[in-house]
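One structure is given below, encoded as structure tokens.
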Number of protein chains: 2
Amino acid sequence: MDEPVPPSRQRIVAGAADMISRRGLNATSIREVAKHAQTPLGSTYHYFPGGKQQLAAEAVRFTGDAVATRLRGMLRAGPVDGLLALLALWRGVLTGTNFQAGCPVLAVSIEEPADDASPEVLAVAAAVFGGWEAQFAASMRLHGADSGTAEPLATLVIAAIEGAVAMCRAQRSTQPLDRVAAQLESLVRAAVDNPARATDQGVDQPAPSDHRDRGGATHDPGSLLSHRD
Amino acid sequence: MDEPVPPSRQRIVAGAADMISRRGLNATSIREVAKHAQTPLGSTYHYFPGGKQQLAAEAVRFTGDAVATRLRGMLRAGPVDGLLALLALWRGVLTGTNFQAGCPVLAVSIEEPADDASPEVLAVAAAVFGGWEAQFAASMRLHGADSGTAEPLATLVIAAIEGAVAMCRAQRSTQPLDRVAAQLESLVRAAVDNPARATDQGVDQPAPSDHRDRGGATHDPGSLLSHRD
DNA sequence: GTTACGCTATGACGGGCGTCCTAGCCAGAG
DNA sequence: CTCTGGCTAGGACGCCCGTCATAGCGTAAC
């Protein structure tokens, strides 16, 4: 909760990631990031001489690494558990912030660079998305999924989750994410359970029972992005 | 092509939608919208006394209606054709703008209102998403999909497309959207082709042959959002 | 011709922005 | 003790923002 003193560079990056996930990149000002991190404005340009571009890029990478680490842990229990952990993570971000925060990687991907800036942030975002997909696809292949199936399905998983998180924010409800979750789960299950074919189609909803917030992520909504609202 | 004189209110709304789809809501300034629409700044507050909030809400509704109209036309040929048309439409927006424009509805959903503004824009965005889903679900039910299957699948379709469009912008490639497209197509096909069950699973990719830009939308990339780059 | 009104045109206001710069502080090395 | 260098502190520059007020224009009604 209160680490002794994170070198205040970390706090700046984490705060920037949090603010970007709420308001988008262009609406996130360095002044407010510094204030939120209890850091003088000058320190920001000391740590990030590249200015806002560099800070945004590091914030995206920070989030990407944090999610990848959690994902890696849960993927050791199989692709389905990894998927459930990922879903629980974003669900926790939404409910833990009253639907005010989302995915900073998506937020950055959606705003074209102002004028001058080279799309460095975009490249980082693309790399983060690609990394998540690759982790997922590798895990599915490891558990018997066809090579030609794993990668596109991993893309679908990430895209559907990202889109659903945004839709959840619009309608202030986790319904889109829950609906997407059920279908993604049965798709992944069908892709890895039966290496060749299925006796029943793996398209319908898995069961009338809803699967609440399992996933075993022991998710702390404040650890991915510091949100003090 | 060159309408006589769209009452310049239309141009403001369309320009705002286009700009929001590129830079996000907070980075879209009323001054630039007015300039882009060749309209004095004062006219903006004449037409939209509610200020930026009202303009943004109308821009989102405008985009939502434009897409819904196209979708309605293609859905008369069945859900699969509607899906293909929707995919072709967003694909055209991406390629027609060099991956600089996306979906303004998603863009608006992702930025929390500044401080004062009530989430009017968010409500409109939620309604637009809901409308698209409802159109799609109704078409699938009409073509034999289970009631409990059509609605979640419609949500998955919209979420996956929206997320994929954002990912395409990040990596400046239509690969995510193409991958998502193939899988969504077989999912929808499986949901409507066989009212009860399938002889082959409807999860894998439909066929090794890629389905290029059919969809018959006769898509003009400049008609949804005026993009003059 | 005159009047009324929708729209144009312009400028001002207060404020926040990204960026940079220059002192100042203060621990640790010599 | 002196000195060095990473970090703090705060101010300044020029620019753009959302909003509003007010005067001018044109056309259509009477």
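The values are calculated or read from the model by the stated rules, or taken from the named source; none is laboratory data. Keep in mind that this is a model prediction, so the values were computed, not measured. Every residue, glycine among them, receives a Cβ derived from its backbone with ideal geometry; neighbour counts consider all protein chains shown. Just the protein is used for accessible areas: all its heavy atoms, side chains included, with ligands, DNA and RNA removed. Shrake-Rupley method; radii C 1.70, N 1.55, O 1.52, S 1.80 Å.
Would you say residue A:22 is away from DNA strand C (no atom under 15 Å from the Cβ) and under 14 Å from the mean Cα position of the chain (by Cα)?
On the way: away from DNA strand C (no atom under 15 Å from the Cβ): no; under 14 Å from the mean Cα position of the chain (by Cα): yes.
It is false that residue A:22 is away from DNA strand C (no atom under 15 Å from the Cβ) and under 14 Å from the mean Cα position of the chain (by Cα).
Find the residue count for region B:22-52, including only residues that are within 9 Å of DNA strand D (Cβ to nearest atom) and open to solvent by 40 Å² or more (accessible area, probe 1.4 Å).
Here the count works out to 13.
Being in contact (Cβ under 8 Å) with a residue 40 or more places away in the chain, of a type outside the set (S, T, N, Q), farther than 23 Å from residue B:153 by Cα and open to solvent by less than 40 Å² (accessible area, probe 1.4 Å) is true for just one of B:107, B:101, B:68. Which residue is that?
Details: B:107 fails: farther than 23 Å from residue B:153 by Cα; B:68 fails: farther than 23 Å from residue B:153 by Cα.
Of the residues listed, the single one that is in contact (Cβ under 8 Å) with a residue 40 or more places away in the chain, of a type outside the set (S, T, N, Q), farther than 23 Å from residue B:153 by Cα and open to solvent by less than 40 Å² (accessible area, probe 1.4 Å) is B:101.
Return yes when residue A:48 is away from chain B (no Cβ under 14 Å), touching a residue at least 24 places away in the same chain (Cβ under 8 Å) and within 16 Å of DNA strand C (Cβ to nearest atom) and no when it is not. Quick ask: steps written out before the conclusion?
On the way: away from chain B (no Cβ under 14 Å): yes; touching a residue at least 24 places away in the same chain (Cβ under 8 Å): yes; within 16 Å of DNA strand C (Cβ to nearest atom): yes.
Taking the combined requirement at face value, the residue satisfies it.
Being under 30 Å from residue B:142 (Cβ atoms) and in contact (Cβ under 8 Å) with a residue 40 or more places away in the chain: is that true of residue B:24 here? Outline the logic, then answer.
Numbers: under 30 Å from residue B:142 (Cβ atoms): no; in contact (Cβ under 8 Å) with a residue 40 or more places away in the chain: yes.
So residue B:24 fails the test.
Sort through A:19, A:74 and tell me the only one that's more than 16 Å from DNA strand D (Cβ to nearest atom), away from every other protein chain (no Cβ under 13 Å) and touching a helix residue (DSSP H, G or I) at 6+ places or on another chain (Cβ under 7 Å). If you could, list the steps in order and put the result at the bottom.
Numbers: A:19 fails: away from every other protein chain (no Cβ under 13 Å).
Testing whether each residue is more than 16 Å from DNA strand D (Cβ to nearest atom), away from every other protein chain (no Cβ under 13 Å) and touching a helix residue (DSSP H, G or I) at 6+ places or on another chain (Cβ under 7 Å) leaves just A:74.
Please give the number of the condition residue A:59 fails out of (1) away from every other protein chain (no Cβ under 14 Å); (2) within 15 Å of DNA strand D (Cβ to nearest atom); (3) open to solvent by less than 10 Å² (accessible area, probe 1.4 Å); (4) under 20 Å from residue A:119 (Cα atoms).
(2)
Looking only at region B:134-158, how many residues end up being within 9 Å of chain A (Cβ to nearest Cβ), open to solvent by 10 Å² or more (accessible area, probe 1.4 Å) and in a helix (DSSP H, G or I)?
Count: 4.
Which of the numbered conditions does residue B:113 fail, given that it passes all the others? Conditions: (1) more than 8 Å from chain A (Cβ to nearest Cβ); (2) assigned to a helix (DSSP H, G or I); (3) not hydrophobic (A, V, I, L, M, F, W, C).
Unmet for residue B:113, out of (1) more than 8 Å from chain A (Cβ to nearest Cβ); (2) assigned to a helix (DSSP H, G or I); (3) not hydrophobic (A, V, I, L, M, F, W, C): (2).
How many residues, within region A:159-175, are facing chain B (nearest Cβ under 8 Å) and crowded, with 24+ Cβ neighbours inside 10 Å?
Final tally of qualifying residues: 10.
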